[in-house]
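Student: If you scroll down you'll find the structure; I have some questions about it.
Coordinate-derived values only; no laboratory data. Keep in mind that this is a model prediction, so the values were computed, not measured.
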Amino acid sequence: MNGSDLLRYARVHRAGAIVVGLSVVAVLSALFGGTRISLPSIGSASLSSGVPYRQELPLLSAVFLTAAFGGSMTAHEASGAVVSHRLHRAYFVALTLVACAISFGTESLAVGAEHGVVFVRSILIWLGLALLSVRLFGEQLGWVIPMASAFLLIWYPLNWWDWTANPASDPFSWCAAAVSLALGAAATAATPWRRRAFLRKRG
């Protein structure tokens, strides 16, 4: 596997469309991220409370990244050789790094490096949840678990678990990112053929 293999793989696995989507989200956050979502908060007596769009937009970036798992060749590739899985893993990691770079750069220019780090951290947390959702519900439903978590953050804002509002140095939020990515990686690795092999060994 070399750089040209990775580029060819990216061209046939929606890389262009995914990067465009990620860029659109980053620009929207830069331009309109300070606008508050006009939703009532169950955890607050004020019906006018809300959170800035900037805090929830990373969810879209995370879901866009899971589009890398779709395509007409998905079923064939799932049963492919080790080299094929290694290529897909390298592609997905590279795509995630591009998403983080675009998001951090745009947010840093718009509102500062601190917000850029928080935005990237939110992408990583929601990406892990999105990968878990893809494994549980299918490639088209990577948004289910991230969206469920977003409802909690919107309706109960500014609590200790709110990784979208905690400062860039908050240790809990980074632990949440590590746990989420670990769950997502484990879910991605648990392909049907690996599960069957594991059950055969257990049997």
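Student: Please express the shape of segment 118-195 as an equivalent ellipsoid: the semi-axes are the square roots of 5 times the eigenvalues of the C-alpha gyration tensor, given largest first in whole angstrom.
Tutor: Working: eigenvalues 119, 40, 13 Å².
Output for segment 118-195: semi-axes of 24, 14, 8 Å.
Student: Compute the length gained on full extension between Val179 and Ile37: take 0.36 nm times their separation in residues and subtract their Cα-Cα distance, giving the result in nm to one decimal.
Tutor: Values: separation 142, 0.36 × 142 = 51.12 nm, distance 2.78 nm.
So the chain would gain 48.3 nm between Val179 and Ile37.
Student: Same structure, new question: How much length would be gained if the chain were fully extended between Leu28 and Ala101, taking 0.36 nm per residue of separation minus their Cα-Cα distance, in nm to one decimal?
Tutor: Between Leu28 and Ala101, full extension yields 24.7 nm more.
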